[in-house]
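Here's the structure, in structure tokens; my notes come after.
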Amino acid sequence: MKRGKLVFILFFIVLIAGGYLFAQLPKRELPEFEANLVTISTVFPGADAKQVERDVTNKLESALSDINGVEKTSSVSAVGFSNIVIEIEDQADFQKRRQVKLRMKPQVLRRLFLMG
């Protein structure tokens with residue numbers, strides 16, 4: 001009976017120590033990583049695929065081609081929407097990545113479509 005109590009006490013100590021050490025481990029819910037892709041999705045209700053490509057997709061791709069650090073763009077235009085994927089150069093530094101993000105802010109896009 002004494003050995004049973006000793007085993008129980010040792011088991012309890014190991015359990016408490018394990019719980020404490022587990023709580024001390026650094027936790028990350030989502031690992032940090034840098035994606036070199038940016039996706040732009042647009043909606044143009046009632047427009048056919050050719051109109052979406054002409055009035056939305058081509059204008060966006062033209063504006064994107066002027067941005068340093070953009071390696072490649074690909075797009076799909078369909079009835080009522082378009083999707084553009086931008087691939088940023090692997091070696092692009094933080095400022096270039098930031099420039100891509102800043103250039104695509106909504107007010108910049110509004111100016112692009114109001115002028116064009």
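Since every read-out is calculated from the coordinates, none of them should be taken as a lab result. Fair warning: this is a prediction, and the values are worked out from it, not measured in the lab. With ideal geometry, Cβ positions are generated from the backbone for all residues, glycine too; neighbour counts draw on all protein chains shown.
Count, please, the residues in the range 58-77 that happen to be assigned to a strand (DSSP E or B) and out of contact with any Asp or Glu (no Cβ under 9 Å at 6 or more places or on another chain).
1
Quick one: in the range 50-80, which of the residues that are more than 19 Å from the chain's Cα centre (by Cα) and among the small types (Gly, Ala, Ser) is farthest from LEU37 (Cα to Cα)?
Selected residue: GLY80.
Restricting to the range 59-86, what's the tally of residues that are touching a strand residue (DSSP E or B) at 6+ places or on another chain (Cβ under 9 Å) and either free of Cβ contacts under 8 Å to residues at least 40 places away in the same chain or surrounded by 15 or more Cβ atoms within 10 Å (Cβ to Cβ) (or both)?
Filtering the range 59-86 down to residues touching a strand residue (DSSP E or B) at 6+ places or on another chain (Cβ under 9 Å) leaves 60-61, 64-65, 67, 69-77, 80-86.
Now narrow it down to the ones that are either free of Cβ contacts under 8 Å to residues at least 40 places away in the same chain or surrounded by 15 or more Cβ atoms within 10 Å (Cβ to Cβ) (or both): 60-61, 64-65, 67, 69-77, 80-82, 84, 86.
Residues meeting the conditions: 19.
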